[in-house]
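A quick write-up on the structure given underneath.
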Amino acid sequence: MRDETRMLLESMGRLFEDHCTKAVADAAEAGTFPTALWQAVSDSGVPLGGVIDSGVEWSDLYAVLRIAGRYGAPVPLAETILAGWLASSAGFSVDEQAMTVGPVRAGETLRLERDGNGWRLFGRASRLPWGRDAGRIALIATDPDGRSMVVFGDGVEGARLSTGESNMAGEPRDTYEFGGLGLSGNEVAPAAPGIDQAALYRRGALARAMMMAGAMERALDTAVNYAQERKQFGRPISKFQAVQQNLAVMAGQVAAAGAAADAGVEALSIDDPAKQEFLVAIAKTRVGDAATLASEIAHQVHGAIGFTKDYSLQLSTRRLWSWRDEFGGESEWAAKVGAYVCAGGADALWPTLTDS
Amino acid sequence: MLQQAFRFDPVELPQAAQALRKEVRAFLDENRDSLGNRRDYDQAFSKKMAEHGWVGMTWPKQYGGHERTAFERYVVIEEMLAAGAPVGFHWTADRQSGPNILRYGTDEQKAHFLPRIVRGELSFCIGMSEPDSGSDLAGTRTRAVKVDGGFRINGSKLWTSNAHRADYMILFCKMADAGQDEVDRHAGATQFLVDLKNSPGIEIRPVINLLGEHHFNQLFLTDLFVPDSRLFGDIGNGWRQVSSELAFERSGPDRFLVLFKLLTEMVRVAGTNPDRATAAALGRLVAQLATLRRMSLSIAGMLQEGLQPLNEAAVTKDLGTRYEQDLPVIARQLFPAEPDLAAVDTYVSMLARGIGNAPRLSIQGGTREILRGIIARGLGLR
């Protein structure tokens with residue numbers, strides 16, 4: 001690891017450690033955006049790290065997201081990074097406001113129609129993360145010629161259908177319906193070559209994969225500590241082989257998740273979108289599968305206390321249950337992995353796994 | 001700040017390793033007739049590999065080795081395994097006996113054994129398990145007594161793969177005078193290099209496995225004499241020496257590529273455009289395999305740095321065997337067939353091999369329970 005990276009990760013770890021208290025998490029879930037946390041995160045410069053030519057490595061940004069996931073930081077860090085990337089790639093300048101990005105679902109597309117010098121936007125973008133807290137929204141849409149266009153502005157407020165939707169972790173997820181929203185020519189610009197909705201989806205899936213890897217590390221740590229403190233039958237439950245074996249299985253899943261997520265991030269350097277998608281799909285699939293088993297065991301080790309709102313384990317596990325299905329769940333991504341290898345044929349399987 | 005339990009640092013295969021891959025594939029193409037058979041032990045094939053410098057690849061040139069990187073070796077062995085190449089003759093020596101001789105052997109032992117292994121002339125097997133000592137090596141009953149000019153050894157070894165054809169065995173036993181040490185259960189553990197072909201006092205009996213194959217053996221050692229020059233490492237240091245072999249034994253691609261051919265055949269049966277559920281089931285398996293390979297490569301990187309990643313090796317083997325044992329289960333769900341080892345249809349015969357071999361995977365090289373115990377210790381639970 002580069003010294004620069006190590007220093008960044010250490011300082012971000014301290015920042016999240018200081019700010020991401022259970023009180024902050026509970027307040028965020030009750031609807032109070034953690035302004036102090038976001039200010040501190042903003043000051044780090046990480047949210048704008050996705051801006052083209054920011055000089056920040058994507059691997060570093062994703063490594064920070066892993067730490068953010070570890071601490072369950074209730075802020076749109078991944079979304080702001082992605083929105084900054086998308087908007088700046090189309091020539092928009094971005095500031096340090098919290099942003100969201102979309103569409104975040106594979107099946108949803110937004111459509112642009114010409115209207116004089118401006119545009120009209122049609123379509124639905126469901127469950128955009130932190131929509132209500134975002135100062136800006138970066139959307140990707142298709143123009144009548146089939147080109148990928150970036151919509152970036154603050155005039156979409158009226159399009160929000162409702163507030164109050166959230167994921168299982170209580171993170172805001174807001175749906176927008178565009179029934180011909182009028183946009184000025186300044187709010188729409190062509191996306192840079194290679195940047196389209198699928199590219200956004202891949203980066204979003206990787207963000208959730210890294211955040212899950214972090215959340216699993218936290219859950220493992222919580223479970224190991226709890227097993228050493230909790231006494232039953234006159235000794236810590238960590239001394240029982242059945243508990244040890246469960247935690248060993250969990251640790252294996254957590255390790256696999258970390259390795260898979262890292263591999264996905266490395267795939268961003270691959271130019272071929274199909275190959276990149278294959279590798280990202282492996283990451284999201286493997287991490288999602290690990291999240292299922294890891295959260296199950298973490299709860300089993302904790303017994304009833306882990307099932308309470310007061311205890312902190314749920315801050316990790318409810319995020320895992322949410323994030324594994326955001327930007328596509330395991331079955332969606334696994335089908336892409338399978339389709340890719342099957343299209344190549346059986347004899348190409350081994351070369352596909354090794355030629356990179 | 002929270003710490004990660006285990007380290008799996010990202011590694012990238014160096015260009016030289018990927019270039020070597022092409023060379024290995026060309027070699028495999030030329031030797032296609034030797035591949036994919038149930039015969040996995042073939043000295044002629046090992047000698048051909050040796051001629052290419054693919055045995056003892058990482059060892060010092062001084063001992064005939066080729067001083068290649070751990071990554072280059074990794075590429076060679078994974079290509080061989082994926083192709084179903086018969087690498088059994090040199091496998092154990094190349095993977096763990098040789099590296100351990102390099103680490104603990106005398107100068108004379110290094111000079112004697114290593115060049116012969118590198119040339120594909122000597123085959124090794126592992127003399128650890130016994131009838132009453134499987135996972136718990138400290139319970140070994142085989143005993144060595146110091147006698148004039150060497151040691152006299154009595155006892156029995158079981159599950160000794162390839163003992164009936166190997167030239168040498170690294171024997172694990174205890175010194176007879178070690179007694180019972182309650183604090184150090186491994187006190188007196190000692191290893192020897194035993195010449196299986198030229199030593200009176202060794203009887204080797206086959207133990208046929210449930211597939212009807214002869215890999216296992218039981219060895220009876222009766223007043224076996226081993227000269228001083230074939231004491232391996234230090235008296236009483238056997239446990240440490242054995243432990244250092246295990247990172248090699250547990251982390252390699254042999255822990256998740258045993259049934260690779262079954263996965264390949266599943267992809268073949270699925271066809272180029274499977275339905276979504278079939279694609280997803282195969283995709284999950286491929287995602288596991290790709291991740292295992294990455295973890296295993298990461299360990300190769302640590303071995304290259306001279307580290308002993310025993311916890312990470314345990315994690316990788318446990319995940320690898322779990323994945324391989326799931327392969328036939330999922331194969332049966334996706335593509336039902338009556339398993340038949342002798343079937344002409346490759347999928348059907350590979351399914352039978354998968355089902356029949358699955359049980360051994362989480363036993364050999366450290367049982368699942370032992371590995372998870374090691375992982376738990378790594379987590380600080382024991």
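Remarks
- The accessible-area ordering, largest first, of the residues A:Trp333, B:Trp159, A:Trp350 stands as B:Trp159, A:Trp350, A:Trp333, per a 1.4 angstrom probe.
- Accessible area, probe 1.4 Å, largest first, for residues B:Asp177, B:Asp326: B:Asp177, B:Asp326
- Hydrodynamic analysis of the protein assembly as shown uses the Kirkwood radius over alpha carbon pairs. Inserted into Stokes-Einstein at 25 °C and 0.890 mPa s, it gives a translational diffusion coefficient of 88 µm²/s.
- Here's the list of lysines a cross-link from A:Lys336 could span, going by alpha-carbon distance under 26 Å and ignoring same-chain residues fewer than 8 apart: A:Lys275, A:Lys284, B:Lys261.
- Estimated D of chain B in µm² per second, where Rh is the Kirkwood radius over Cα pairs and Stokes-Einstein applies at 37 °C, 0.692 mPa s: 150
- Per-bin percent of Cα-Cα distances, the range A:234-356 [5 Å]: 2, 10, 16, 19, 16, 12, 9, 7, 5, 3, 1, 0
- Relative to the longest principal axis of the Cα atoms of chain A, the long axis of helix A:330-344 makes an angle of roughly 70 degrees.
- Cα-based helix-to-principal-axis angle, A:273-302 vs chain A, degrees rounded to 10: 40
- Heavy-atom accessible area ranking, 1.4 Å probe, most first, across B:Trp91, A:Trp58, B:Trp59: A:Trp58, B:Trp91, B:Trp59
- Straight-line reach from A:Lys22: taking Cα to Cα under 17 Å and skipping same-chain neighbours fewer than 8 places apart, the lysines in range are A:Lys309.
- Cross-link partners of B:Lys174 among lysines (Cα-Cα below 25 Å; sequence separation of 8 or more within a chain): B:Lys110, B:Lys146, B:Lys157, B:Lys197
- Eigenvalues of the alpha-carbon gyration tensor of the range B:121-276, scaled by 5 and square-rooted, set the equivalent ellipsoid semi-axes at 37, 18, 14 angstrom, largest first.
- DSSP H segments from chain B that extend 24 Å or more along their own axis, Cα-based, with Kyte-Doolittle mean of 0.5 or above: B:276-304
- Available extension along the chain between A:Ala27 and A:Phe307 is 98.9 nm, counting 0.36 nm per residue and deducting the alpha carbon span.
- FRET efficiency, 1/(1 + (r/R0)^6) with R0 30 Å, evaluated for B:Leu307 and B:Val329 via beta carbons: 0.30
- Between B and A, buried accessible area from a 1.4 angstrom probe totals roughly 4300 Å², ignoring ligands, DNA and RNA.
The values are calculated or read from the model by the stated rules, or taken from the named source; none is laboratory data. Just so it is clear, the structure is predicted and the values come from calculations on it, not from any experiment. Glycine gets a Cβ as well: all are built from the backbone with ideal geometry, and neighbour counts include every protein chain shown. Ligands, DNA and RNA are stripped out before the accessible areas are found, and what is left, the full protein with its side chains, is counted by its heavy atoms. Shrake-Rupley method; radii C 1.70, N 1.55, O 1.52, S 1.80 Å.
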